[in-house]
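The values are calculated or read from the model by the stated rules, or taken from the named source; none is laboratory data. Note that the coordinates shown come from a computational prediction; the quantities given were computed from them, not determined experimentally. Positions of Cβ are generated from backbone atoms using ideal geometry, with glycine treated the same way; all protein chains shown enter the neighbour counts.
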């Protein structure tokens, strides 16, 4: 097992690709074991293109979404892709589902976690996933939950980039240069055949975030060039020895 | 000149001691040249104790405040303490005063800057100082301001801890462990003879921020112990190669 | 069936009258089919006057509230009044209840929807209703929910005016002139016999909102006179061909 | 029964001590009957020290927490300590649990209520408790809930001080001088043997809040000295006859 | 001189009437000396009706506005009406103007102060007046400003009700029952001949605020009836001995 | 003169191109007279590339910026481009400068206005320009300012898209389809030779905003296709006869 690890909690199968595929690939290259939990396949709400096919069934949609996400995960170097298959639109977790997620969190012992924005009026599954991520992070820290297991420390929860950021009240405080792994992210994006209209959209997002990376690392005085970047919002404060 | 440098912009003479004395001493020990600009002595508004003495005059108050802040700066290892002496309650900068501050910023070329919270209904000088810090940071970045000079890059502006944090809408996102330099900060605090009632107040602040440091670096799972800490709020996003 | 339609989702039986009775009547006159869903009768929490009668029972309260709202709906020209009768204080929807609401949304295919403010510390049923409205709007858009049915487009969700607007963080961005239908709204208001103390209250609200209508349509330079208006807050951005 | 009463709704057994022990003791001395509801013992999530003992069981932890909170309640002069024992991390209330809480609220008929901050990403139990407090306050006001019982008026809900206030978006608008009862609060704090690391932390909080008390009651012009204070945020507006 | 006093800082001549006329009259009856400072007459921006008369001049407008406000002040029992006559649209204060306001503050030594909302995109004079009120309150507290004078304590600054409250981000936390002095407020309102269209508007505001007063003082359980009320937002926390 | 008109208030010469070039071209095609005021050339702060040339002077930079913006304005069909030439970094307007802007506003009598976001910590000129736009809009409405002139009505003030939207707290509520005029906007963009690195950046912005346009006009149910769009935030509420 790697010394360092990270955990992505994604409401639907494709979210981890668009929103933090670069962070996954980059940290995998750095030796992190990155685990991705997809709480659902997005089979009902995020598979419009598939449903337009004649004779489509729920199982076929799930299979297609599963295949796509496995392929994308492989392209990104995901260590472990876990499909919770809990259903979407709406997504709902019972207490047992939550405890299953806590088990994953404790097993992974992530250095940091990634999930959705805290507000999303277009997609209540997204904000629900983040609420669950916070709740399960808290449970994983409890000494009295499955006593004897190793409790969780205090990993950062980063919120990855939602669609239509401004409507979600999402404000990135961290830009990550993903230039070295861009080819992997694009390859993973192209696994999402059902959402081809978003391939270029998220490529443009990455290019524009690279402009923000450069501007915040130096601006007119000469920031560091980056061709592709991702943005993240932190929930918790950092602890440092140097500003 | 040191490779690394930092710049504190303080509305009144004592602010840099209470609010970021630890950050100053710590970075000085790390080899940063830390410059402190006091825009005023706080001679009118923050010297109540002195004014209660018989026969006090403005010059005497300024001299006392200057002496105190020089002593404190020395205790902290400040590289350069610059008194702008612009008057307080209210503080006001003309365009020339701002350009003088720009000169300092360009000369220092700080890795990061420190100033007040963006809102303070108790003390409008404080929020005005931050507004000026942002404005002068922008001017210092302009290639057309004194063409030929080295323009400023994009240093972070950290907002240090105000009094009554919640009333100011100040939310720290960064906790700095100042345990190694605490004795220096306490020594600097004790230079502020006119505000003795705040010595223990800010010692308690530092102790409680250390609890926050520990909690955010690991919590019940075993955070890193710190005895004294300071908190800061960042204005700009960070650019990183690893989350 | 009309070409255009609208859907009101009201936590309790009377809310649609006070908060958007004018919008209902106006759009009915314009040829919209306006459907109103009352999730409950407000029988427990908003029928104080009825409960003060000797020998009152839950069924009698519900009957009285039903009669009042049917009468009011008729006065306003409501196309379809649907009583979900799910209970109030607290209001709660099971997944099946939500799917029932999704069925209504899909059947109506509203041009726009109306519901409560997103925050209401006095009345948690109100904010819960809006949360459900957003969730069911999302489900109604899912191609995988009852595949084969016509999915929902992207109708605006307007939040109608709550009581004590400022406490709810509600900020109207749209004022609607309801002068032409005021008599209908007042007639509907007077159907609410159990809440007579609010008749004049909401008349005054309408008169003062008319002042806001005038001010925002021209102000001192000569805004358009309106005698009665209603205010609404939009959740989603508009898409236009002219500003 | 006393003329005046207050009700504290605490997610875990110890919260009422750290966060409003002074308010409890002070109002008890003033003749209020103060009831404290602990929704859980905090047995899973807030008893790390106990769980580190060999052979610990859930029942033993609960017993220890119960004993501690009873002792603390006695020290503070709590009129009635009610342990709901609903489990923590996560805390969850069924509708019946909520109705049980409504029964308490109606029985107590509090002049004011106290609970947690509305946001807490570290501890979702805390914000859930406040959400429940608002919901049950509303139910208790409903004439149709258990008709015939005395309905609740409109007591203020004060939010007591959370840990890491700024992260919770908590802003105190009321400071209470608890100097006269400090010894009682400290005694209650010392009953919490499992959390000894917080004894001095919350003592420092009380001392610094006293500085805020003084500053807001007069400041440099001569505020009222207080040695210990607590801060509270109000959810609802006040109604007064004099500003 | 009265034991208690209050100070209103009004951007234009009429603001004090609409927004806090009730508070003025009520406190005058309670024995407060209420001083009103009008920073301008509102002669340019709030006198549309006068300017539509043939042959109007700036002096004539000012005279008319002065006469109206003096009459209104008398109706309300204002102790001292001070016209700063600084011009409006835009309002601007030099440092000397601010010091003149500081002199008034110190002379009055108000128990509380009243001014505008902190945001007003329709009327930048309003938000500027509040900014000045905070700045001058701070200067008045400075021991080094005109040493020897009695410095100001820490009076609350209440923000009175703006027009279109929700657009201003204004949220009242205090409702004052002005029923006993309503006739005086209405009489003062009727002195504002140039703005007759607002007489009934602000009467309706007062009636609706009375509903809020009742609701927050008891609601369905039987709040205290009030026929007219005013709302205020506090800038600073309160210090109390009982919640 | 056209029946309809619009007014853009731009802090620096190039802002109107990137941020609302599409809106300008589109409304010009619809018969609006669009006036653009550039308060400065951005000669000091936004001309880095020019300043890197040997022997550059302030006049040469201004000339280059003027030439570029005139060319861009022509490409967009701007009716009137007015260069105020007030200097930048920092931008400052005297009262006379403001009155000059008021004269323009009154002459144009715009149906709507366009300016910057209300917050911008990177560029204080931007937020200052918006503050001035609000102030001058207010003055232009005053009957007592240059009595006899036609006063301004109540035009919307739209805030156009800033760089790094999320850092500015800017939230678009209106998306405008600019597909029909995209070639004109791109041509105008290419006039900005000094900022070639932004050509593709803002092209990507327009493409991604078109995705938002489609999503908000229908989403999965079939929104209207747009290839290029711009987003705007409204300061004031709209007044409508139909929702």
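Specify which of the listed residues (E:154, E:140) is within 24 Å of residue D:242 (Cβ to Cβ), surrounded by fewer than 24 Cβ atoms within 10 Å (Cβ to Cβ) and over 15 Å from the mean Cα position of the chain (by Cα).
E:154
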Query raised in the report: Out of curiosity, is residue B:181 touching a helix residue (DSSP H, G or I) at 6+ places or on another chain (Cβ under 6 Å) and assigned to a loop (DSSP other than H, G, I, E, B)?
Result: no
Report summary line: Being closer than 18 Å to residue B:189 by Cα and within 14 Å of chain E (Cβ to nearest Cβ) narrows B:81, B:50 down to just B:50
Query - Per-region count, the stretch E:19-61, residues within 26 Å of residue E:108 (Cα to Cα) and assigned to a helix (DSSP H, G or I) - result: 11
Report summary line: Quick count over the stretch B:169-207, residues being within 16 Å of residue D:212 (Cα to Cα), at pLDDT 95 or above and more than 16 Å from the chain's Cα centre (by Cα), is 6
Requested in this report: Please tell me if residue A:170 is free of Cβ contacts under 8 Å to residues at least 40 places away in the same chain and surrounded by fewer than 24 Cβ atoms within 10 Å (Cβ to Cβ).
Outcome: no
Query - Residue among D:237, D:180 that is in contact (Cβ under 8 Å) with a residue 60 or more places away in the chain and either closer than 29 Å to residue D:65 by Cβ or touching a strand residue (DSSP E or B) at 6+ places or on another chain (Cβ under 8 Å) (or both) - result: D:180
Query - Yes/no for residue A:34 being within 16 Å of residue A:83 (Cβ to Cβ) and within 10 Å of the chain's Cα centre (by Cα) - result: no
Report summary line: Of the residues in the stretch A:184-193, those that are in a helix (DSSP H, G or I) and crowded, with 20+ Cβ neighbours inside 10 Å come to A:184, A:185, A:188, A:189
Requested in this report: Find the residue count for the stretch A:149-166, including only residues that are closer than 23 Å to residue A:124 by Cα and facing another protein chain (nearest Cβ under 7 Å).
Outcome: 4
Report summary line: From the option list D:40, D:5, D:69, single residue qualifying as in contact with a helix residue (DSSP H, G or I) (Cβ under 7 Å, 6 or more places away or on another chain), modelled with pLDDT of 95 or more and more than 10 Å from chain A (Cβ to nearest Cβ) is D:5
Query raised in the report: How about the stretch F:50-65: which of its residues are more than 14 Å from residue F:12 (Cα to Cα) and free of Cβ contacts under 8 Å to residues at least 60 places away in the same chain?
Result: F:51, F:52, F:53, F:54, F:55, F:56, F:57, F:58, F:59, F:60
Query raised in the report: Consider residue D:146 against the criteria (1) on the phi > 0 side of the Ramachandran plot; (2) at pLDDT 95 or above; (3) away from chain C (no Cβ under 14 Å): it satisfies all of them except one. Which criterion is unmet?
Result: (3)
Report task. Would you be able to say whether some residue in the stretch A:79-100 is buried (at least 22 other Cβ atoms within 10 Å of the Cβ) and under 30 Å from residue B:238 (Cα atoms)? Result -> no
Report summary line: Taking first residues from the stretch B:109-129 that are within 10 Å of chain E (Cβ to nearest Cβ) and in contact (Cβ under 8 Å) with a residue 24 or more places away in the chain and second residues anywhere that are surrounded by fewer than 24 Cβ atoms within 10 Å (Cβ to Cβ) and assigned to a strand (DSSP E or B), the pairs with Cβ under 9 Å that are 6 or more apart or on different chains are B:121/E:157
Report task. State whether the residues of the stretch E:195-209 include one that is within 14 Å of chain D (Cβ to nearest Cβ) and either over 20 Å from residue E:157 (Cα atoms) or buried (at least 21 other Cβ atoms within 10 Å of the Cβ) (or both). Result -> yes
Report task. Would you mention how many residues in the stretch E:113-136 are in a loop (DSSP other than H, G, I, E, B) and within 11 Å of residue E:9 (Cα to Cα)? Result -> 1
Query raised in the report: Just one of the numbered conditions (1) in contact with a helix residue (DSSP H, G or I) (Cβ under 6 Å, 6 or more places away or on another chain); (2) modelled with pLDDT under 95; (3) more than 9 Å from every other protein chain (Cβ to nearest Cβ) is not true of residue D:220; which one?
Result: (3)
Query raised in the report: Is it the case that some residue within the stretch C:17-26 is at the interface with another protein chain (Cβ under 10 Å from one of its Cβ atoms), in contact (Cβ under 8 Å) with a residue 12 or more places away in the chain and farther than 30 Å from residue E:222 by Cβ?
Result: yes
Query raised in the report: Residues of the stretch D:226-243 being more than 7 Å from chain E (Cβ to nearest Cβ), out of contact with any helix residue (DSSP H, G or I) (no Cβ under 6 Å at 6 or more places or on another chain) and not in a strand (DSSP E or B), which ones?
Result: D:235
